[in-house]
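To start, the structure under review is shown below, and the notes come after it.
Values quoted throughout were computed directly from the atomic coordinates according to the rules given, and no laboratory measurement underlies them. None of these values were measured; they are calculated from a predicted model.
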Amino acid sequence: MNILKAIVDFVWIMSFITIPPLIALFGFILISNEPIGIPIKLNGVEISVVDQQTKILLVFIILAALLILYSIFLFRKILRSFQRKKIFTLEVIKNFNIIGILLLFSSLLSGIPAFILKLLKKEAGFEMGLNPFVMLFCLGLFFMVLSEVFMIAKTQKEENELTI
């Protein structure tokens with residue numbers, strides 16, 4: 001548990017180091033009408049010319065990243081509760097469900113605009129395999145199922161405590 005908490009804390013700290021410069025870069029791209037010389041690849045779509053479509057995609061990508069960042073914050077809270085041996089609490093169950101919902105929205109916010117941009121550029125195709133959209137969507141569903149499992153376990157624990 002301590003190793004997982006340390007890894008999540010490291011990711012949390014590193015995100016605060018990298019997210020502000022990225023948001024500043026994306027803010028510059030959104031404000032500027034000139035294309036930058038650095039090609040940007042987001043969700044399998046290379047953005048070289050900055051037009052209104054790509055600016056909208058960037059806004060959705062930024063929102064998706066912020067939702068993931070908040071999910072990491074909630075996951076840190078859950079791990080902290082686990083360290084305190086508070087496992088089957090309503091707060092933990094609620095946070096698992098919120099993480100699941102945030103990850104679902106994040107996958108939709110980043111996946112659907114990227115697919116639409118591929119359609120507009122006539123680069124859309126059918127690919128089998130795991131991509132970030134599918135992985136994030138499945139992870140969101142997993143956290144929602146985990147929330148339900150914890151709710152059932154909490155109910156069972158309370159029933160067992162009443163019969164003892």
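For the stretch 77-90, take each phi angle, set θ = phi - 60°, evaluate the Karplus expression 6.51 cos²θ - 1.76 cosθ + 1.60, and give the result in whole Hz per residue in order, putting x for glycine and proline. Residue by residue, the stretch 77-90 yields 4, 5, 5, 5, 5, 5, 5, 8, 6, 9, 9, 9, 9, 5 Hz. Listed cross-link partners Lys5/Lys121; Lys77/Lys157; Lys94/Lys121 are compared with a 31 Å cut-off, the Cα-Cα value being larger for Lys5/Lys121; Lys94/Lys121.
Between Leu22 and Ile98, the contour length at 0.36 nm per residue exceeds the alpha carbon distance by 24.8 nm.
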